[in-house]
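Engineer: Pasting in a structure now, in C-alpha cells, and then I'll have a few things to ask.
The values are calculated or read from the model by the stated rules, or taken from the named source; none is laboratory data. Nothing here was measured: the structure is a model prediction, and the numbers come from that model. Note that we place each Cβ from the backbone using ideal geometry, even for glycine, and neighbour counts take in every protein chain shown.
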Amino acid sequence: MNLMATTWKMIVGNSPLCSFACNKKEPLEPQRIKKFGIEHLRFRNDFKLLDKITQRINVSVSGSGMTRPVNGSEMGVIEDTDFELISGIIYDACKEQGVNAMPGLLCWEWNLTDKKNIVDQLSYCSREGNLGVGKIFHALVIKTGFCGDKIVDTALVNMYAKCGEIGSAVKVFDGMLSIDVASYNCLISGFLSNEMFDEALGLFAQMGVWEIRPNHYTFSIMISGCGSVFAINEGIQLHAHVVKLQDVVNGVVANSLLTMYCKFGMMENAQSLFQSLPKKNVVSWTAIISGLYQQRALEKALLQFYLMRQHGFEPNEYTLTMALSSCGGIKQFDNGYALHAQLVKKGMASGAFVGTAIVDMYTELGQMDNAEKQLQEMGTIASAVSWNALIAGFVHNNNIEAALKAFHKMVLNYVPIDEYTFSNALKACSSLPSLSTSRQIHCWVIKASSERNLHVASSLIEVYGKCGSLDDAEKVFDQISMPDIVSWNCLVKAYSQHGYFEKAVSLFKKMVVEGVKPSGSTFLAVLSACSHCGLVQEGKEFFKSMLMNYSVIPEETHYCCMVDLFSRSGHLEDALDFIKRLPIKPTAPIWRPLLAGCRCHCDLQLGEYVANRILELEPDDASVHVTLSNMYFDVGRLGELVKQRELMKLKEVKKEPGYSWIEVKNKTYKFFSGDTTHPQTPEVYDLLEKLINDIRVVNHASTLSEISTPHTELGLCNEGKLLYHSEKLAVCFGLLNLPAGTPIRIFKNIRVCSDCHTTMKHISKITKHEILLRDNYRFHHFKQGCCSCGDFW
C-alpha cells in the first residue's frame, strides 16, 4: 500500500495538484465546468413552461390576499400560502406536461413553504426520473425564495443529474452560494451516470482545491466509475488516497475497491484486500466470488462460496447463480445436485433468477432432462432468459430437434421472444442444416422487427451460408446499415465454405477499407478459402500479415489451416517443416490435415510417422486407423490392413458411419450407405442404377474404374457398396420428389469420396439439375458436369 500511496499526486491541503486524466498542474478554477453553460443547456428553453407557471402564481397570489407581494427583489417569498391554490396550479401544470402528479400532491396538509416537503418532492422526481415535475418544482423553489439554500440546491442538482439533464445540474451547481460534499457527490454521480468520467474526475480533484474532504460515498462512486471505464491507474491512485485518509475500513469503499480490482482482472490485489478486511459482509464475499468467476477460476470461486457459508453468511441470489454456474462449468455433478436440493428446500429454486441459473447449470452438465424439468417447475415464472438457456443447452448438447421443439413451445406459450432466442434457434437450424426452417424463423424475425439487430442478422448470414443459400446471406448483409466484425466474418466465412476465394478476399479488403479491423476469425475464413482453392502463396501472405499488419496472434486453428493448405496442395515437406517450427507443441488437430494429405498424395512413409504422432496424443482416434487401413490397401499391404482393423477392435474404437440427409417439402430424410429402410427404396435404387448406366454409356467406361474391389470381409467398400453411398441415394430421392429446376441440397457428415464426387458431376449434366453438396469440409456446387471446387477439395 505504501508503494501505491506514493503514486498519489493529489495533496489535500493548501497546494493541491492532480495527476489524473485532466493533466492539470494548477488548482482547478470554480468555472472549470462552465463549458456546460447556457449555450449547451437550452436551460432558458427548458424554463419557458416555468415562466408560464410563475406568472400564474403571480396572478393567483396577487388575488389571494397574501401578506407579501411577489417581486423579483424579494425572490418571490410567499407567506401565508394558499395551499389549495398553489397545489392546483402545480397539478394543472403537471397535466399540461403530460406527467403524473405525485402522490398526496393535493393534500390539504401539504406545506409548500416547508423546505423538507420540497426536498422530498425533488427526491421523488429523482427516483422516478420525472424531469417535467422536477422543473415545475424548480420554478416553485425560485418563487418561494429557497434559491440559495444549500439543501434545496443540492436536491435540484441531484434531480437534474438523475434525470439525465447534466447541463442543468451543472448550472445549478455553479450558482450555489455554499457547496459541501453532498453537492459534489450529486454532480460527480451525475457525471458518471452520464458516462462523463473525465468530468467526474476533474470535479473530484476540485474538491481538494476548496478543502472539501471526500466521504465514503464520494470514494465509492469514483472507484466504481474507474471500474466501469477500466481506468486502472486512476483506480490505484484512488485506493492510495483511501488508505491515506484511512477510509478503507468503511465497508462500502472496501467493497467498491474489491469490485474494481475484479473488473480489472487484478485478482491478487483483490484477494489481498479481501483478506485484510477486518469485517466482511455478503457484498464482500460476493465481490470476490464474482471476480474469480469472471476470470474463469471456477474451482476457486466455488471454494470461496463454501467458505462464505462456513463463516455464517447466507448467499444472495447473485452469489447462488455464480455457484451454480461454477458447478456446471467444472462438471461437478454432486455439488450441483446438492446445491439444487438446498435451494428447493429453501423455496428458492423456482424463482426466475435462481431457477434460470439451475437450468443453465444442468445444460452445462449435459443433463437436459433435468434442465427441462426445472423449466417446467418454474411454470409461468420462467422468462425468456430461462427459455433461451434451455434452447442454447439443447444446441450445445447437439440435440437440435429438441432445441427447435423448445422454440415452438416458447412461441405457443406466448413467452416474449428476443434476439437471443432467434440467434439460438437459427444456430440450431445451421446445425441441421434446414433451409425451410431457417426461412420460417426469418419470417418471425421480420414480424418482430428484429432483422436489423446485429446479433440476429449475423446469425441469419451464418445459417443461410451453411444451408447453401448465398443469395439470402448476401441480402441480409446488404440490409445492415453498419455491419460489425461478426457480420463481416460470417459472410467471409460463407464465401470460404463455398470455395469462392475471390469474393472472400474482396470482402476482406472492403472490410479493411471501411475501418473494421480483421479478427482471428476473419483470417481463419480467408486462410480456409486459400486452402479450399490450393492457393499456397496467397495463404502464406495472409498468414504473415496477421501479426505484422494487424497484430492478430495466430492460434491453433490458424496453424491447422496452414498445415491443411500445404498438405492438400502436395507440399508435404513444407507442412512438416511448418509444424516443427511452431511456437507451440503440435496437437492432434494440427497433425491430422497432414495425415489426410499423405493419404491424398500416397506418401505412406510420412503417413505412418504422422499417424504415430496423432496416436501418441489421442490413442482412441478411429480416423487414424481407418486412414492407415486405406493407405495399406492402396499399396496392397493387406496384412498391415488387417492389423489396423484388429487394433480398432481391441481398442473398441469405431469409425463414425457416413450418412447424408436432404430436405424435401419441409421434412428431412436421412440415408445411410446401402440404406433400404425408406418407403421409396425401390424407386431410388432403380433411378440410381439407370443414371449410372447412362453415365457409363456416355463415357464409354465405368466411372468406378479407379476403385478396385477388395475383400468384403475387411470392411472396405467394394463397387457395389460404392454404388449405394448415402449421397447418391439422397440425390436420387431428391430427383424423384423435387420440382424440375429446383436445386438439390444434400448434406453429408463426412468428406465426400472421389467416386461420389465424379458421379455428382455427371448426374448434374444428365438431369440438368444443380446439386449442392456440403460435406464436413466445404460446399460443392455441381452444375452442367462441373464442380465449383475445380476437382480440388
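Engineer: Only residues that are of a type in the set (Ser, Thr, Tyr) and within 22 Å of residue 513 (Cβ to Cβ): list them for the range 529-566, please.
Structural biologist: Here is the first cut: in the range 529-566, the ones of a type in the set (Ser, Thr, Tyr) are 531, 545, 550-551, 557, 559.
Residues satisfying the conditions are 545, 550, 551.
Engineer: So if I check each of 269, 250, which one is of a type in the set (S, T, N, Q) and at pLDDT below 90?
Structural biologist: Answer to the check: 250.
Engineer: Moving on to the next point. In the range 740-760, what count of residues is obtained for those that are farther than 17 Å from residue 687 by Cβ and either under 32 Å from the mean Cα position of the chain (by Cα) or crowded, with 19+ Cβ neighbours inside 10 Å (or both)? If you could, list the steps in order and put the result at the bottom.
Structural biologist: Residues of the range 740-760 farther than 17 Å from residue 687 by Cβ: 741, 743, 745, 747-755, 757-758.
Now narrow it down to the ones that are either under 32 Å from the mean Cα position of the chain (by Cα) or crowded, with 19+ Cβ neighbours inside 10 Å (or both): 745, 747-752, 755, 757.
Within the range 740-760, residues that are farther than 17 Å from residue 687 by Cβ and either under 32 Å from the mean Cα position of the chain (by Cα) or crowded, with 19+ Cβ neighbours inside 10 Å (or both) number 9.
Engineer: Filter the range 756-793 down to the residues that are aliphatic (A, V, I, L, M) and assigned to a strand (DSSP E or B), then identify the one that is farthest from residue 741 (Cα to Cα). Break it down stepwise before answering.
Structural biologist: Our first condition is that a residue be aliphatic (A, V, I, L, M); within the range 756-793, this holds for 760, 763, 766, 771-773.
Applying the additional criterion that residues be assigned to a strand (DSSP E or B) yields 771-773.
Numbers: 771: 10, 772: 13, 773: 16 Å.
Among those that are aliphatic (A, V, I, L, M) and assigned to a strand (DSSP E or B), it is 773.
Engineer: Output the number of the condition that residue 401 fails; it satisfies all remaining conditions of (1) touching a residue at least 24 places away in the same chain (Cβ under 8 Å); (2) under 22 Å from residue 461 (Cα atoms); (3) outside any loop (DSSP other than H, G, I, E, B).
Structural biologist: Every condition holds for residue 401 apart from (1).
Engineer: Is it true that residue 449 is hydroxyl-bearing (Ser, Thr, Tyr) and surrounded by fewer than 19 Cβ atoms within 10 Å (Cβ to Cβ)? Please lay out each step first, then the result.
Structural biologist: On the way: hydroxyl-bearing (Ser, Thr, Tyr): yes; surrounded by fewer than 19 Cβ atoms within 10 Å (Cβ to Cβ): yes.
Considered against the rule, which asks whether it is hydroxyl-bearing (Ser, Thr, Tyr) and surrounded by fewer than 19 Cβ atoms within 10 Å (Cβ to Cβ), residue 449 comes out as yes.
Engineer: Follow-up question, since we're still on this one. Would you mention how many residues in the range 734-787 are of a type in the set (Val, Ile, Thr) and over 15 Å from residue 695 (Cα atoms)?
Structural biologist: Number of matching residues: 6.
Engineer: While we're looking at this one, here's another question. Does residue 328 satisfy the criteria of being in contact with an Asp or Glu (Cβ under 8 Å, 6 or more places away or on another chain) and farther than 20 Å from residue 268 by Cα?
Structural biologist: In short, yes.
Engineer: Here's something else I'd like to know. Select from the range 568-590 the residues that are in a helix (DSSP H, G or I) and in contact with an Asp or Glu (Cβ under 9 Å, 6 or more places away or on another chain) and list them in ascending order.
Structural biologist: 572, 575, 588, 589, 590
Engineer: Grab the helices (runs of 4 or more DSSP H) fully contained in the range 419-533, keeping just those with 3 or more residues being within 30 Å of residue 791 (Cα to Cα) and acidic (Asp, Glu).
Structural biologist: 470-478
Engineer: Could you look through the range 611-654, keep only residues that are under 20 Å from residue 753 (Cβ atoms) and basic (Lys, Arg), and pick out the one that is modelled with the highest pLDDT?
Structural biologist: In this case the residue turns out to be 645.
Engineer: Limited to the range 262-300, what total is found for residues that are over 19 Å from residue 239 (Cβ atoms) and under 28 Å from the mean Cα position of the chain (by Cα)?
Structural biologist: 12
Engineer: So for the range 713-729 (the condition being modelled with pLDDT of 85 or more, among the small types (Gly, Ala, Ser) and either part of a helix (DSSP H, G or I) or under 19 Å from residue 757 (Cα atoms) (or both)), does at least one residue qualify? If you could, list the steps in order and put the result at the bottom.
Structural biologist: Within the range 713-729, the first condition is being modelled with pLDDT of 85 or more, and the residues that meet it are 724-729.
Still in the running and among the small types (Gly, Ala, Ser): 726.
Keeping just the survivors that are either part of a helix (DSSP H, G or I) or under 19 Å from residue 757 (Cα atoms) (or both) gives 726.
So far as the range 713-729 goes, yes, one or more of its residues are modelled with pLDDT of 85 or more, among the small types (Gly, Ala, Ser) and either part of a helix (DSSP H, G or I) or under 19 Å from residue 757 (Cα atoms) (or both).
Engineer: Name the pairs: first residue in the range 597-618 and crowded, with 18+ Cβ neighbours inside 10 Å, second residue of a type in the set (Lys, Arg), Cβ to Cβ under 9 Å, at least 6 apart or on different chains?
Structural biologist: 597/568; 607/599; 610/592; 614/592
Engineer: Does any residue of the range 557-577 turn out to be within 30 Å of residue 598 (Cβ to Cβ) and under 24 Å from the mean Cα position of the chain (by Cα)? Walk me through how you get there before you give the answer.
Structural biologist: First pass over the range 557-577, keeping only residues within 30 Å of residue 598 (Cβ to Cβ): 557-577.
Imposing the further condition that a residue be under 24 Å from the mean Cα position of the chain (by Cα) reduces the set to 557-558.
Yes, there is a match, as at least one residue in the range 557-577 is within 30 Å of residue 598 (Cβ to Cβ) and under 24 Å from the mean Cα position of the chain (by Cα).
Engineer: Against the conditions (1) at pLDDT below 90; (2) within 30 Å of residue 236 (Cβ to Cβ), where does residue 332 fall short? Just the number, please.
Structural biologist: (2)
Engineer: Scanning the range 499-509 for residues that are aliphatic (A, V, I, L, M) and in contact with a Leu (Cβ under 9 Å, 6 or more places away or on another chain), which turns out surrounded by the most Cβ atoms within 10 Å (Cβ to Cβ)?
Structural biologist: 504
Engineer: Out of 145, 164, report the one residue that is in contact with a Gly (Cβ under 8 Å, 6 or more places away or on another chain), more than 23 Å from residue 226 (Cα to Cα) and either surrounded by fewer than 21 Cβ atoms within 10 Å (Cβ to Cβ) or not assigned by TED's automatic domain parsing to the domain that holds residue 119 (or both).
Structural biologist: Within the list 145, 164, the selection yields 145.
Engineer: Could you grab me the full set of residues in the range 510-532 that are surrounded by fewer than 24 Cβ atoms within 10 Å (Cβ to Cβ) and within 23 Å of residue 577 (Cβ to Cβ)?
Structural biologist: 524
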